[in-house]
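Asker: Before anything else, here's the structure in question.
The values are calculated or read from the model by the stated rules, or taken from the named source; none is laboratory data. The structure presented is a predicted model; accordingly, all values stated were derived computationally and were not measured. Please note: Cβ atoms are built from the backbone with ideal geometry, for glycine as well, and neighbour counts cover all protein chains shown. The protein model used for the area step is the full one, side chains on, heavy atoms only, and it has no ligands, DNA or RNA in it. Shrake-Rupley method; radii C 1.70, N 1.55, O 1.52, S 1.80 Å.
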Amino acid sequence: DIVEVGVYVSSSISTSTPTSTMSAIAAQRVALAKPFNGQKVVTSQAAKSIAPSVKLANKARYTTARRSVRVMAASVFKDVEQAPADPILGVSDAFKACTSPDKLNLGVGAYRTEELQPYVLEVVKKAEKKMMEKGENKEYLPMDGLPAFRKATLDLLLGADHPAIKEGRAISVQSLSGTGSLRVGAAFLAAWMKGTTVYLSNPTWGNHKNIFGDAGVEWKMYRYFDPKTVGLDFDGMIADIKAAPKGSVILLHGCAHNPTGVDPTKEQWAIIADTVKACEHIPFFDVAYQGFASGSLDEDAFAPRYFVDQGMEVIVCQSYSKNLGLYSERVGAINVIAADKESAVKTTSQMKRLLRAIYSNPPVHGARIVAEVVNDEEMFAEWKAEMEAMSGRINGVRNALKAELDTQMPEKDWSFVTRQIGMFSFTGLNPAQVHY
């Protein structure tokens, strides 16, 4: 094992102290006449009189110590296993390494222009300019976030005049986009609903398993995608929800299911809600694409609103990464709609306690952008128009893809391409066909 050797430079030794009465260590401390670690050391005349042999011995000891640092013993981290590459981000790494001029990144779900560039919404630029003119400070936010942001978030989710908001039983807690919101929700389940299993759709967003698993929450999967129809396995989904133990948490994608692009119809959502309610399960929505899927904030909020209107208690996680293009701002929220105000307040108080230990306070910049846009009538209208344009362009790409596939392989039914919604699509192709 290597013992780290440090050299302490002291300026507290009196210049009148005879070197003959100093300890050997003290003598070596004042004997360092040259700069040490970039810091000039001023020594006394007495120190300068120390024999050169002492200086050389000190220099040798210091040099040996510096060299010994480079020869470390076996690392305490030597048994840590290499983590596998993230399956989604790994596609982006492969994209960067590819030299083909025709390459397209189909991995990370981030909107791109026709020139394959990230798109900053014009309304976001206006909001930021307005914020700069106000001269806002950078003080810490409260643990539950910016009040104006939290109000805007609930208004978007449920509608500004919803009874749950007026009664105070709908509460929003700002968090780190969708991922951070889900992580706070997972920590809450682990702390207050011990032994509860979360049921995820098969397939689901890859990070869902990591988020709940790392929080110590058991997860299982319910049937969702039907490869035969390249659509929803509705009967299998309902059967698995019914088979789950009473009081299970059912995680549902609010709209634009990731990664299949397959959403239930409104009639199917009604049956799903009835089933979840009858089984006394807890609906937990992940709403990452409100307004970005159909182009309508209200249409894309249909499912969670319907569940709430059926008298159910609901947890909803939201993200503004896609619909406002605030990917790197990490702005989102976890919302609790409870049966009464007291329950909502107590639940969110525990969420705040949990997030205090994870990241303490949410960031302010993205939250202010959301609040500026939603609470300004003109900018809000502009935002909705930009969302409709992005959603419309995605639908246009789907139509163009289907038309080309119909031309290339007319014997196959490609209608699922345009039935699916949002940024993702399951093609039904096998790995060999994809590589081809």
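Asker: So, in the range 390-429, exactly how many residues are under 22 Å from TRP205 (Cβ atoms) and in a loop (DSSP other than H, G, I, E, B)?
Answerer: The total comes to 10.
Asker: Being crowded, with 17+ Cβ neighbours inside 10 Å and either at pLDDT 95 or above or not small (Gly, Ala, Ser) (or both) is the filter here, so list the residues in the range 257-274 that pass it.
Answerer: Matches in the range 257-274: HIS257, ASN258, PRO259, THR260, VAL262, ASP263, PRO264, TRP269, ILE272, ALA273.
Asker: Filter the range 78-120 down to the residues that are in contact (Cβ under 8 Å) with a residue 12 or more places away in the chain and hydroxyl-bearing (Ser, Thr, Tyr), then identify the one that is nearest to TYR289 (Cα to Cα).
Answerer: Only one residue fits best here, namely TYR111.
Asker: Okay, next question. Can you find a residue in the range 216-233 that is under 30 Å from SER360 (Cα atoms), touching a residue at least 24 places away in the same chain (Cβ under 8 Å) and hydrophobic (A, V, I, L, M, F, W, C)?
Answerer: Yes, the range 216-233 contains a residue that is under 30 Å from SER360 (Cα atoms), touching a residue at least 24 places away in the same chain (Cβ under 8 Å) and hydrophobic (A, V, I, L, M, F, W, C).
Asker: Filter the range 305-320 for residues that are under 21 Å from the mean Cα position of the chain (by Cα) and in contact (Cβ under 8 Å) with a residue 60 or more places away in the chain; which is farthest from LEU156 (Cα to Cα)?
Answerer: Ranking the candidates gives ILE315 first.
Asker: Check LEU146, LEU176, LEU154 and return the single one that is under 17 Å from PRO362 (Cβ atoms) and in contact with a Phe, Trp or Tyr (Cβ under 8 Å, 6 or more places away or on another chain).
Answerer: LEU176
Asker: What number of residues within the range 83-122 are within 23 Å of the chain's Cα centre (by Cα), of a type in the set (Ser, Thr, Tyr) and farther than 27 Å from ILE369 by Cα?
Answerer: Summing the residues that are within 23 Å of the chain's Cα centre (by Cα), of a type in the set (Ser, Thr, Tyr) and farther than 27 Å from ILE369 by Cα in the range 83-122 gives 1.
Asker: So which residues in the range 95-132 are open to solvent by less than 60 Å² (accessible area, probe 1.4 Å), in a helix (DSSP H, G or I) and within 19 Å of VAL434 (Cα to Cα), if there are any at all?
Answerer: Result: PHE95, single match.
Matching residues to (1) aliphatic (A, V, I, L, M); (2) closer than 23 Å to TRP219 by Cα; (3) surrounded by fewer than 21 Cβ atoms within 10 Å (Cβ to Cβ):
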{"residue": "VAL249", "(1), (2), (3)": "yes, yes, no"}
{"residue": "ALA278", "(1), (2), (3)": "yes, yes, yes"}
{"residue": "GLN290", "(1), (2), (3)": "no, no, no"}
{"residue": "ASP300", "(1), (2), (3)": "no, no, no"}
{"residue": "TYR306", "(1), (2), (3)": "no, no, yes"}
{"residue": "SER328", "(1), (2), (3)": "no, no, yes"}
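Asker: Evaluate the range 376-388: report whether one residue or more is touching a residue at least 40 places away in the same chain (Cβ under 8 Å) and either small (Gly, Ala, Ser) or open to solvent by 60 Å² or more (accessible area, probe 1.4 Å) (or both).
Answerer: Looking for residues that are touching a residue at least 40 places away in the same chain (Cβ under 8 Å) and either small (Gly, Ala, Ser) or open to solvent by 60 Å² or more (accessible area, probe 1.4 Å) (or both), one finds at least one in the range 376-388, hence yes.
Asker: Right, here's the next one. Suppose we filter GLY195, GLY213, GLY236 for residues that are out of contact with any Pro (no Cβ under 9 Å at 6 or more places or on another chain), open to solvent by 60 Å² or more (accessible area, probe 1.4 Å) and free of Cβ contacts under 8 Å to residues at least 60 places away in the same chain; which single one remains?
Answerer: When all the criteria are applied, what remains is GLY195.
Asker: Still on this structure, please answer the following. Out of VAL80, VAL69, which single residue is at pLDDT 85 or above, aliphatic (A, V, I, L, M) and either under 42 Å from the mean Cα position of the chain (by Cα) or under 28 Å from LEU326 (Cβ atoms) (or both)?
Answerer: None of the other options fit; the residue is VAL80.
Asker: Going through the range 249-288 one residue at a time, which ones are of a type in the set (Ser, Thr, Tyr) and touching a Ser or Thr at 6+ places or on another chain (Cβ under 8 Å)?
Answerer: THR260 - this is the single residue of the range 249-288 that is of a type in the set (Ser, Thr, Tyr) and touching a Ser or Thr at 6+ places or on another chain (Cβ under 8 Å).
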